[in-house]
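For reference, the structure is listed below as structure tokens.
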Amino acid sequence: MELSNWLVFCGVALVVTFSPGPGVLLAISNSLALGPRRALFSSIGNAVGLIAVSSVAMLGMGVVLATSAMAFMALKVAGAGYLIYLGIKQWRSKGSSFADLGDAPGAGAERGKWRLFGQGLTVALTNPKAILFFSALFPQFITPNGPVFAQFAGLTATFVSCAILAHAFYVLLARALKSQFRSQKRMRLFNYATGAVFIGLGLSMLRLRNRVA
């Protein structure tokens with residue numbers, strides 16, 4: 001892959017990953033509720049999910065989703081349902097819907113880490129738009145006469161690195177603004193806002209068609 005192509009891809013990846021989406025919103029919510037260290041677990045889960053989605057796209061599942069209405073609908077409903085579930089949970093929480101994940105000592109804390117990891121992983125895996133995105137974007141930057149797998153792995157590593165960088169930026173930003181959410185009233189307002197955004201993202205996913213926008 002030529003350096004110029006890779007630099008263009010880096011620019012596209014940075015724009016996409018820094019654009020607020022479910023993964024970013026989850027990282028911000030976890031950072032405010034549990035702190036940057038705990039938020040890292042959901043971001044790692046999201047990164048692992050992106051690697052899995054990229055692998056699925058490479059195996060041609062993007063084409064399957066684009067051509068099979070049933071497969072696309074199933075994944076779309078699953079992803080939308082999970083985002084709406086997170087939104088309702090956040091909306092109904094009096095303090096923080098994630099606070100119980102970080103308070104329990106010992107084994108409870110370990111379970112909390114895995115639950116955070118699972119949240120990030122699920123958000124990435126149940127987004128059909130991500131698979132279609134990888135399926136449409138990657139071929140444009142891959143040189144046909146070069147080693148395809150190595151190029152695909154390089155693009156995936158670049159995209160995941162950009163995603164982790166974006167999450168780290170938003171997590172640190174949330175940490176800097178955490179003092180603004182110490183009061184119960186402000187935390188409730190934040191829960192209402194993030195809950196509404198999660199629900200909105202879920203509903204917008206239901207309107208997604210089986211083609212790349």
What FRET efficiency, computed as 1/(1 + (r/R0)^6) with R0 = 25 Å and r the Cβ-Cβ distance, is obtained for ARG92 and PHE18, rounded to the nearest 0.05?
-> 0.25
On the full set of protein chains, 1.4 Å probe, figure out the accessible area of VAL48 and give it in Å² to the nearest 10.
-> 70
Starting from the Cα-Cα distance between ALA136 and LEU173, subtract it from 0.36 nm times their residue separation and give me the gain in nm to one decimal.
-> 10.1 nm
For MET73 the rounded accessible area (nearest 10 Å², probe 1.4 Å, non-protein molecules ignored) is 90
Using a simple spin-label model with points 7 Å from Cα along the Cα→Cβ vector, what separation in nm is obtained for LEU165 and ARG115?
-> 3.3
Give the accessible area for TRP91 in Å² (nearest 10); use a 1.4 Å probe, count only protein heavy atoms, and leave out ligands, DNA and RNA.
-> 110
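The values are calculated or read from the model by the stated rules, or taken from the named source; none is laboratory data. Every value quoted in this text rests on a predicted model; they were computed, and no experiment measured them. Glycine also receives a Cβ, built like all others from the backbone with ideal geometry; neighbour counts cover every protein chain displayed. Heavy atoms of the whole protein, side chains included, go into the accessibility calculation; ligands, DNA and RNA do not. Shrake-Rupley method; radii C 1.70, N 1.55, O 1.52, S 1.80 Å.
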